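The values are calculated or read from the model by the stated rules, or taken from the named source; none is laboratory data. Because the structure is predicted, anything quoted here is derived from the model rather than measured. When we count neighbours, we look across all protein chains shown, and the Cβ atoms used for this are built from the backbone with ideal geometry, even at glycine. In case anyone asks, the SASA skips ligands and DNA or RNA and just uses the protein heavy atoms, side chains included. Shrake-Rupley method; radii C 1.70, N 1.55, O 1.52, S 1.80 Å.
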Amino acid sequence: MRRSCALCSPDPPVLEDRLVYAIEARDALLRSCFLIAPRRHVPSFFHLTDDEQLSMLLVLRDAERRMDKTLAPHRFRIEVVEGPHVHARLTPRHFGNRWWMRRRARQELRALPDRMLKDVGLRPDQVDEVA
């Protein structure tokens, strides 16, 4: 366990077993999502033991069932985030939930050179107002 790692000393888990735990992360855009992480500090899903991988999948399944009852989403997005402490993120998706399209549009507009923004009559500080 590393002191600087937030996933090594998490909030009280919502779901857990002896190898893995799940916490609920709140986000204004996403409403809520679950983070599922192994108790052991490991950077990659592929460095986990077979038991830890299976345990992550079982807790992920339990988190999906819990979220399905409370939020009734249209579908889910599952991503495995590798880094200092590997974890899976389970995010509910709802009809009309297009927040990622607006964010992507802002990123694309910010990437345009200032000259191109001037060609369409925009200043860089106006990009957020348009998207």
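Assorted remarks:
- Of the residues examined, ARG75 is one that is in contact with a strand residue (DSSP E or B) (Cβ under 6 Å, 6 or more places away or on another chain), open to solvent by 70 Å² or more (accessible area, probe 1.4 Å) and of a type in the set (Lys, Arg).
- Output for the range 34-72, where each listed residue is over 18 Å from PRO13 (Cα atoms), touching an Asp or Glu at 6+ places or on another chain (Cβ under 8 Å) and open to solvent by 20 Å² or more (accessible area, probe 1.4 Å): PRO43, PHE45
- Positions within the range 1-35 being in a strand (DSSP E or B), among the aliphatic types (A, V, I, L, M) and either touching a Ser or Thr at 6+ places or on another chain (Cβ under 9 Å) or modelled with pLDDT of 95 or more (or both), in sequence order: VAL20, ALA25
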